[in-house]
Amino acid sequence: MQYTKISGFSDEISKEIDVQFSVLNKLGISYFEPRGVDGNNISALDDDQVLALKEKMAAAGIRASSIGSPIGKIKITEDFAPHFALFQRVVRTAKLLDCRYIRIFSFYHEGEEWTACEREEVFRRLREMIAYAKEEDVVLLHENEKEIYGDTAKRCLDIMENLADEHFGAVFDPANFVQCGEDTKAAFDMLVPYIRYMHIKDARYSDRAVVPAGMGDGNFTYILSALRKNGYSGFLSLEPHLGTFKGLEDLETDDLMKGLPEGGEGTFTLAYNTLCGILDGIVE
């Protein structure tokens, strides 16, 4: 299976953007999901810094697939006004970078269960952001993340059934669902009509450890095969999170790391290679 729209959180390679782009060029990857840029979060950059980044992107032949923003990663009880101002800053950044997609979340809370009032506040905030996204003609993509409202497939579906439209869809992250104890096949089948973007990250149920794609319980072959059959043409964005992968030293004995550079470049390359291996095994 050939696939050209591969992207990734290249700040997992290095905090330095020049190093990030050098490795992406080496791998033949033409997109990145900007999150960390020279040690700064993408949401913290001002116009001049964003335009300087854009110049480096043009020089390297790299485009932004989606802004890897932290929007929605605050408690539902925290003041929303300053966070909405930050969101507006992120939208401005996306437009300067000619990027339509912005990754967002659906807020944290304390306690075991979400109350009806908390759910309504989540929806109120999301509606406000979606309305602004429509005005600015960008697309917000909700990522299923641990301990936010949309951490389970059922609550992600609740969000999508009520709010999804051309300016709001879903990021599907198999590893995050695994770490929440969710069945990724069932979650995928439930959410597939709303999936606009894929994060390539896997994990194991046994210890919740993040592992290379296909080596955990994320059901990547099933998911990527189904996306192919459904005509999916969106991005596959690498988010390896392998810096804390406890079994990496064991993988080296299987030659998976043989010849790869040490550090972030090596683990990012490992993540890319394992994704390519899955894609190559999918029959057209």
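The values are calculated or read from the model by the stated rules, or taken from the named source; none is laboratory data. Quick caveat, the model's predicted, so the values are computed rather than measured. Ideal geometry is used to build each Cβ from the backbone, glycine not excepted, and the neighbour counts take in all protein chains shown. For accessibility, only protein heavy atoms count, side chains too; no ligands or nucleic acids. Shrake-Rupley method; radii C 1.70, N 1.55, O 1.52, S 1.80 Å.
Roughly how many nanometres apart are two label points built 7 Å out from the Cα toward the Cβ at E128 and R228?
4.4
Hey, what do the phi angles of segment 81-96 turn into as Karplus ³J(HN,Hα) couplings, whole Hz, using 6.51/-1.76/1.60 and θ = phi - 60°, x for Gly and Pro?
Going residue by residue, I get 4, x, 5, 5, 5, 5, 4, 4, 4, 5, 4, 4, 4, 4, 5, 5 Hz, with x marking Gly and Pro.
Provide the gained length on full extension for the span D98 to E136, in nm with one decimal, where the gain is 0.36 nm per separating residue minus the Cα-Cα distance.
Computed gain between D98 and E136 is 12.5 nm.
Beyond a 26 Å Cα-Cα separation, which of these cross-linked pairs lie in this structure: K154/K201; K54/K185; K15/K134; K5/K95; K26/K73; K15/K154?
As for pairs spanning more than 26 Å Cα to Cα, those are K54/K185; K15/K134; K26/K73; K15/K154.
If R₀ is 51 angstrom, what is the calculated FRET efficiency for the pair E110 and A59, using the beta carbon separation as r and rounding to 0.05?
0.65
What ranking, highest mean first, results for peptides 74-85, 195-206 when packing means the other Cβ atoms within 10 Å averaged over each residue?
Most protected by this proxy first, the peptides run 195-206, 74-85.
Give me the 1.4 Å probe accessible area per residue for the chain, excluding ligands and nucleic acids, in Å².
44
For segment 49-62, just list the computed ³J(HN,Hα) in residue order, Karplus coefficients 6.51, -1.76 and 1.60, θ = phi - 60°, integers in Hz, with x standing in for Gly and Pro.
Values per residue, Gly and Pro as x: 5, 5, 5, 5, 4, 4, 4, 5, 4, 4, 5, 8, x, 10 Hz.
Obtain the nm distance between the two label points defined at D48 and F84 by a simple spin-label model: each point lies 7 Å from its Cα along the Cα-to-C-beta direction.
3.0
For a quick size check, give me the Cα extents of segment 1-80 along its three principal axes, largest first, whole Å.
44, 35, 18
I200's amide H: which non-local residues (gap 5+, or another chain) put their own amide H closer than 5 Å, with H modeled 1.01 Å from N in plane and none for Pro or chain starts?
Hits under the 5 Å cutoff: S237, L238, E239.
For the chain, give the magnitude of the charge dipole about the Cα centre (Cβ charges: +1 Lys/Arg, -1 Asp/Glu; no others), in debye to the nearest 20.
Dipole about the Cα centre, nearest 20: 660 debye.
Using only helices, what value at 222 nm comes out for the chain when you add -39,500 (n - 2.57) per DSSP H run of length 4 or more and divide by the total residues, to the nearest 500 deg cm²/dmol?
-13000 deg cm²/dmol
Mind listing the phi-derived Karplus ³J(HN,Hα) values for segment 155-162, rounded to whole Hz, using 6.51, -1.76 and 1.60 with θ = phi - 60°, and x for any glycine or proline?
Whole-Hz 3J(HN,Hα) from phi for segment 155-162: 6, 4, 5, 4, 4, 5, 4, 9.
In the chain, what % of DSSP beta bridges are antiparallel (nearest 5)?
For the chain, the DSSP antiparallel bridge percentage is about 20.
Of all the accessible heavy-atom surface of the chain, with the other protein chains kept in place and a 1.4 Å probe, what percent is carbon and sulfur?
47
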